[in-house]
Amino acid sequence: MGKDRYANLIECSGPPGIKVYLAHDTVLDREVEVKVFPWTGDGFEGGDDSAAKPDPTRSDYFREARAISLLEHPAVPAVLDAGTWGEEDYYYALRLARGEPLRNAIARETTKAGRLRYLPQFIAACRALAYAHSRGVTHRRLTTSSIVIGTYGDVMVEGWSRAYIRNGSAHGVIESPEDEHTEFQSPEIRRGAA
């Protein structure tokens, strides 16, 4: 069904080479986030430039979808749909995270007591990461900007596109622990043991 399933697309900011939309899922009648990976004819935009069209499920672009598909947790966005977008592009749809980044919430607070009000949400995010680790998935890019606080205090951890999926995880997927931000990685990840 792909592109025809989603209406009222509003383009949002996203990483280079990926189009991110707020969209209405006409089948389930709800708002979702849709990530589209344009195919340029000689590789994914901003990505692999191989002559043959690569399998998108093996690309870095689907790393996020694969990683969070391993995780069934209320603080991790669920993959709702995936497939082709139009003739050549690929996409996946995620449960929409409504709220504001923890970073913004903390920045508004002027006192230590005010900032400490968000400790329960931070702990909830840490529990989601502990669950992810138990399933063989390491986030690798967690910041206060990737923790979204909902209106009712709910928490969503976003930004799984650089996740490391350890060999022996539920699907046996092996992902490289290489990352341009190795100075922030634990020694276990740098050694490939985490």
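Read-outs throughout are calculated quantities, based only on the coordinates presented, and are distinct from any laboratory measurement. The shown structure was predicted, so the numbers you read here are calculated from the model rather than taken from an experiment. In this analysis, Cβ positions are derived from the backbone assuming ideal geometry, glycine residues included, and neighbour counts consider all displayed protein chains.
What the table below lists for this structure:
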quantity	calculated
Summed residue charge, Cβ within 11 Å of Gly86's Cβ, Lys/Arg positive, Asp/Glu negative	-3
Per-peptide average of other Cβ atoms within 10 Å, ordering 16-28, 109-121 highest first	16-28, 109-121
All-pairs alpha carbon distance profile, the stretch 125-167, 5 Å steps from 0, percent	6, 23, 30, 23, 11, 4, 1, 0
Rough spin-label spacing in nm, given labels placed 7 Å along Cα→Cβ, for Ser134 and Val20	2.8
Length released on extending from Glu109 to Val27, taking residue separation times 0.36 nm less the Cα-Cα span	25.5 nm
Projected label distance in nm at Glu72 and Ala7, using a 7 Å step from Cα toward the beta-carbon	3.2
Ratio Rg/Rh [Cα only; Rh per Kirkwood] for the stretch 73-134	1.16
